[in-house]
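Peer 1: Got a structure for you, questions after.
Derivation of every value follows stated rules applied to the coordinates shown; laboratory data play no part. Not measured: the values here are computed from a predicted model. With ideal geometry, Cβ positions are generated from the backbone for all residues, glycine too; neighbour counts draw on all protein chains shown.
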Amino acid sequence: MEQLIEHIDKNKLPKHIAIIMDGNGRWAEEQGQDRIYGHYHGVESVRNIVEGCSEIGIGYLTLYAFSTENWDRPQQEVEGLMTLLVETIRKEVPILNKNNIKMHVIGNVAMLPASAQTALNEALSMTSANTGLNLIIALSYSSRWELVNAVKNIGLDVQSGKIDAESINQETLQQYLATSNFPDPELMIRTSGEYRISNFLLYQLAYAELYFTNTRWPEFRKENLIEAILDYQNRERRFGKTSKQLLVNEIA
Ligand code: IPE
Ligand code: IPE
Ligand code: MG
């Protein structure tokens, strides 16, 4: 970690990294264990990556922990995940505070069991004064849910005269998203060898660099994160322009 981290260009850090933490179930099954065993080990990776992002100086880290579609998994797994969620939040809050990390949640939180909502609200208020890494947990989240919600609320505000339909622009839509307080992720990582977005931040990832690795989430560590950041730093982000234009701007 120490040597690898030195290769990171601190002037070219992504402000926001988003991660689809995938592969817990398969990792567990490969060990001859229940899927939930994989989720428990996945928490170790969360701890390690959150710490890594703090050390590197990342501003925002969004972790996809549970999708809207994940509610359709077997009841036993969903219940196991909810128990793990409450346990983890309770245990981690002091560590988040110690590291000056502010927690946020995006998603349809109303669908979560009451115990999870209580634990979450406590964690949010207990970390609200922190000024270091912003840790955003996407929970019961899906991008289509978020976009429909945004459109609905815009409609309501047009109806009540709060906003004028003619004035709606990209800035307006951005303000109605669950991520309104965060910059768009520049780097999106998905573990476990799946090459898809699975309803995650569809709008916000418009110009993100995508990084896929075969490593299963329970085995993903700071070293892997650094590799992803180094890969990101070698990309040319053109935003629709040509390479030549970018060079001209760099010199100017
Ligand atoms: C990611 O791991 C965690 C959640 C979706 C909650 P999975 O549970 O999807 O693991 P795989 O993809 O089945 O291996
Ligand atoms: C995406 O993983 C959601 C999370 C990591 C929380 P899934 O495992 O649910 O995605 P699919 O079903 O393989 O696309
Ligand atoms: Mg999966």
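Peer 1: Among (1) under 24 Å from Ala178 (Cβ atoms); (2) within 16 Å of ligand 2 (Cβ to nearest atom); (3) in contact (Cβ under 8 Å) with a residue 40 or more places away in the chain, there is one condition His41 misses while meeting the rest; what is its number?
Peer 2: Every condition holds for His41 apart from (1).
Peer 1: Okay, next question. So, of the residues in region 1-20 that are within 14 Å of Lys222 (Cα to Cα) and part of a loop (DSSP other than H, G, I, E, B), which turns out to be farthest from ligand 3 (Cβ to nearest atom)? Working first, answer last.
Peer 2: Keep residues of region 1-20 that are within 14 Å of Lys222 (Cα to Cα), which gives 1-8, 17, 19.
Remaining after also requiring part of a loop (DSSP other than H, G, I, E, B): 1, 6-8.
Values: Met1: 27, Glu6: 34, His7: 31, Ile8: 29 Å.
Only one residue fits best here, namely Glu6.
Peer 1: Listed residues Ile58, Ile36; which is outside any helix (DSSP H, G or I) and of a type outside the set (S, T, N, Q)?
Peer 2: Exactly one residue qualifies, and that residue is Ile58.
Peer 1: Identify, please: which residue in region 1-34 is of a type in the set (Lys, Arg) and more than 6 Å from ligand 1 (Cβ to nearest atom) and is, among those, surrounded by the most Cβ atoms within 10 Å (Cβ to Cβ)?
Peer 2: Only one residue fits best here, namely Lys15.
Peer 1: Quick one: in region 52-74, of everything that is among the β-branched types (Val, Ile, Thr) and in contact with a Phe, Trp or Tyr (Cβ under 8 Å, 6 or more places away or on another chain), which residue is farthest from Met188 (Cα to Cα)? If you could, list the steps in order and put the result at the bottom.
Peer 2: Applying the first criterion (among the β-branched types (Val, Ile, Thr)) to region 52-74 yields 56, 58, 62, 68.
Those left that are additionally in contact with a Phe, Trp or Tyr (Cβ under 8 Å, 6 or more places away or on another chain): 62, 68.
Values: Thr62: 9, Thr68: 19 Å.
Residue satisfying both the conditions and the ranking: Thr68.
Peer 1: Polar (S, T, N, Q), surrounded by 18 or more Cβ atoms within 10 Å (Cβ to Cβ) and touching a strand residue (DSSP E or B) at 6+ places or on another chain (Cβ under 9 Å) - does that describe any residue in region 46-67?
Peer 2: yes
Peer 1: Tyr207: over 22 Å from Phe66 (Cβ atoms), out of contact with any Gly (no Cβ under 8 Å at 6 or more places or on another chain) and surrounded by fewer than 22 Cβ atoms within 10 Å (Cβ to Cβ), yes or no?
Peer 2: It is true that Tyr207 is over 22 Å from Phe66 (Cβ atoms), out of contact with any Gly (no Cβ under 8 Å at 6 or more places or on another chain) and surrounded by fewer than 22 Cβ atoms within 10 Å (Cβ to Cβ).
Here's the yes/no breakdown for (1) without any contact (Cβ under 8 Å) to a residue 60 or more places away in the chain; (2) in contact with a helix residue (DSSP H, G or I) (Cβ under 8 Å, 6 or more places away or on another chain):
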position: Thr172; (1), (2): yes, yes
position: Leu177; (1), (2): yes, yes
position: Asp184; (1), (2): no, no
position: Gly193; (1), (2): no, no
position: Arg196; (1), (2): yes, no
position: Phe200; (1), (2): no, yes
position: Trp217; (1), (2): no, yes
position: Lys222; (1), (2): no, yes
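Peer 1: Do we find that Ile101 is among the aliphatic types (A, V, I, L, M), in contact (Cβ under 8 Å) with a residue 12 or more places away in the chain and in contact with a Ser or Thr (Cβ under 9 Å, 6 or more places away or on another chain) in this structure? Working first, answer last.
Peer 2: Numbers: among the aliphatic types (A, V, I, L, M): yes; in contact (Cβ under 8 Å) with a residue 12 or more places away in the chain: yes; in contact with a Ser or Thr (Cβ under 9 Å, 6 or more places away or on another chain): yes.
Criteria met by Ile101.
Peer 1: Residues that are of a type in the set (Asp, Glu): which helices (runs of 4 or more DSSP H) entirely in region 162-252 hold 3 or more of them?
Peer 2: 222-233
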